[in-house]
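Here is the structure we will look at.
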Amino acid sequence: MTRPPSLTRQTIARLLIDTVPWLSCDDCFERIDSYAEAQLSGSAMRDHLMDVHLLGCPSCAEEAQSLIELITTTQGMRAAYR
């Protein structure tokens, strides 16, 4: 019998995050493009619902980070070809 992996402090902290106000993963997916663009533009406008959701949902946080990296790479490639 194998032992289940132990919970790290980070995992426990994520499980205990207050996710109120609540945003579903579907709602997050609808907003993720504008959220990523706002992050990259340095906009002072914050999407509190997205911030809270991404803190508590590693799946959506990974998706947001991947999108931000993709946009950054694409912008860099466009600049190199100009």
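The values are calculated or read from the model by the stated rules, or taken from the named source; none is laboratory data. Note that the coordinates shown come from a computational prediction; the quantities given were computed from them, not determined experimentally. Every residue, glycine among them, receives a Cβ derived from its backbone with ideal geometry; neighbour counts consider all protein chains shown. The area values use the complete protein model at the heavy-atom level, side chains included, leaving out ligands, DNA and RNA. Shrake-Rupley method; radii C 1.70, N 1.55, O 1.52, S 1.80 Å.
To keep it simple, each residue is scored yes or no on (1) in contact with a helix residue (DSSP H, G or I) (Cβ under 7 Å, 6 or more places away or on another chain); (2) among the small types (Gly, Ala, Ser).
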| position | (1), (2) |
| --- | --- |
| ALA13 | no, yes |
| ASP18 | no, no |
| ASP26 | no, no |
| ALA38 | no, yes |
| VAL52 | no, no |
| ALA61 | yes, yes |
Inset, instruction - Only one of these is free of Cβ contacts under 8 Å to residues at least 40 places away in the same chain and open to solvent by less than 60 Å² (accessible area, probe 1.4 Å): ASP26, ASP33, ASP51, ASP18. Name it. - result: ASP51
